[in-house]
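Every number in this text was worked out from the coordinates using simple rules, so none of it is lab data. Note that this is a predicted model, so its numbers are computed, not measured. Using ideal geometry, Cβ is built from the backbone for each residue, glycine included, and neighbour counts are taken over all protein chains shown.
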Amino acid sequence: MERKNKFVGSRNSYEPHTFGEVQNKYFASNEPLAVAYRKRAFEKQGWNPNTELAVDLKTLLRNDRRMVTGKEYRGIFRLDSEAVVDEFLSRDPHYTFIETLPPMPAKHNPQVFRGEYITITRRADGTYRPNFRPIEVGQGFRVEKYATGVANELLWALEGLVGKSV
């Protein structure tokens, strides 16, 4: 059995063409199927209006060089140029996808006071919570000085946050 070699391209140059080039050339022709395709594409009958059969897509990603299968990307999808289909010309629409930064996570329990002995954080329900900072027990550590420092900072912080008591 003898096999025939098949070349894709013009007979003059024998250069290969991409499938998209061959497909665009076919759909721009006056073949009955191509004419019906163009007519149907313009009328949007039977096609999902959110489905493009052939598009050019440029991606601008932060970390990946090419999109990874199954990975979700957050970003902006923009139509740069519309499709052009007439009797002699067929050009696919051109889109650009630009990946954006992920949203910053909401900071839980933000710190509203930071002293030498304590810090105070605000919870999601609006209440305040005093937290002790690590104690450095060493030479010269006195419990009275530490307790007085904690009490003074607690008074200053609450006076500034809540206001003076009546």
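So, counting K/R as plus one and D/E as minus one, what does the shell of residues with Cβ under 9 Å around residue 64 add up to? If you can, show how the numbers build up before the last one.
Working: positive: 62, 65, 66, 71; negative: 99.
Its environment carries a net charge of +3.
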query: residue 113's amide H: which non-local residues (gap 5+, or another chain) put their own amide H closer than 5 Å, with H modeled 1.01 Å from N in plane and none for Pro or chain starts?
result: 120
Summed side-chain charge close to residue 122 - residues other than residue 122 whose Cβ falls under 12 Å, Lys, Arg +1, Asp, Glu -1: +2
task: Output the relative contact order of region 59-166, whole-number percent, from Cα pairs under 8 angstrom with separation of 6+ residues.
output: 17
field: Whole-Hz ³J(HN,Hα) from phi, Karplus 6.51 cos²θ - 1.76 cosθ + 1.60, for region 110-122, glycine and proline x
entry: x, 7, 10, 8, 9, x, 6, 10, 9, 10, 10, 10, 10
message: Check which residues have an amide H placed less than 5 Å from residue 75's amide H, if you skip close sequence neighbours.
response: 100
